[in-house]
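The values are calculated or read from the model by the stated rules, or taken from the named source; none is laboratory data. Everything numeric in this text was worked out from a predicted model, so none of it was measured. Here Cβ is always computed from backbone atoms with ideal geometry, including for glycine, and neighbour counts include all displayed protein chains. In case anyone asks, the SASA skips ligands and DNA or RNA and just uses the protein heavy atoms, side chains included. Shrake-Rupley method; radii C 1.70, N 1.55, O 1.52, S 1.80 Å.
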Amino acid sequence: VQLKNQGYYTFFHGQKWEYQLHASWHTKLRKITNNSKTKDFIFVHVKPQEEDLEMEKSARKDVMGMANYQVHYSRPVIRSLLCMNKGLWYNCYDYVKCSASYFTGNHSNSYETLELHAAFSCLGYKDVYERYETELKSLAEEHASLSKLGNLLLIAVPRDKVAKCVSFVQPGKRIPPMGKTNDVQHFIDILDSTPEKIADFDKTMFVLPMTQDKHGGLNPQSGIKFFEFNAVEKDKWATYKAKEDALFKKIKRDIKKDKQDALDKSLPCLPHLRSFFFNYAISMKETVLL
């Protein structure tokens, strides 16, 4: 209700529990790479930052132009989609289209197996992962033991941007009374207010293209927000997150040191200049005090 009052439409996405671990680390590492402080945003799909933007543009065009029809996306396009339900139990008749089912069954419709090292290597931190591999594997094992249920995402999309961010589908048929229009905002308003006007309204699905462009689900500046929920006991989750944060702090320090060392190596005179200006600043301070 709070998000709705703030001008957002909300959607649900259920996924495997292990995906939470990968997205958490990928998000942390992206913040270092981008030197950003994103809030209420999760990089849900683990993928290279420099992935072909032309392919993403093509995927977005295919998705946003296929509303209301039974769609047969190619594998690259499917990999760029986040399927969502407007209601948590929508599509409960078909577990492969229901967010609640994915959460309670701890499964996903993805055929891909995510390894934690992928969150590091796709951003160029393979050597960092190898350096901390033992600790990261231990953390992953602890994470796996925390829950037998999945991870649930609540995705909030700004009302004034939803038509450019989200597309809707109802596999196998058109969605009355919409005809061939792709006015997703109008459709959601009907779904929220008078859903009985839409045949089989609970069988509808939405897709969010996970792209890095202006309105993509991998762009923190898009205005899209991600929130996650799980079934882990509060105290256990707090203990785990403290361990994860402590390990990340060490890794972040090493990454910054690696970057500085690489910079010093490329510019041999830099450390000397840094030392010169530091000593100069100290001497000036002492002069002022005298």
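With a Förster radius of 25 Å, plug the Cβ-Cβ distance of residue 104 and residue 240 into 1/(1 + (r/R0)^6) and report the FRET value to the nearest 0.05.
Values: r = 21 Å, r/R0 = 0.85.
So, using R0 = 25 Å, E works out to roughly 0.70.
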* Asked: Sorting 202, 264, 245 by accessible area (1.4 Å probe), largest first, what list results?
  -> 245, 202, 264
* To do: Can you tell me the order of 206-215, 138-147, 114-123 when each peptide is scored by its average per-residue count of other Cβ atoms within 10 angstrom, highest first?
  => 206-215, 114-123, 138-147
* Output the pairs from 148/252; 57/126; 57/86; 214/252; 137/252; 28/243 with a Cα-Cα distance over 21 Å in this structure; if there are none, say none. => 148/252; 57/126; 57/86; 214/252
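Quick check on packing: order 231-241, 22-32 by the mean number of other C-beta atoms within 10 Å, highest mean leading. Don't jump to the answer; show the numbers that get you there.
Working: 231-241: 12.8, 22-32: 20.4.
Going from most to least packed, we get 22-32, 231-241.
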* Asked: Using 7 Å Cα-to-Cβ label points, what is the residue 134/residue 28 separation (nm, one decimal)?
  -> 1.9 nm
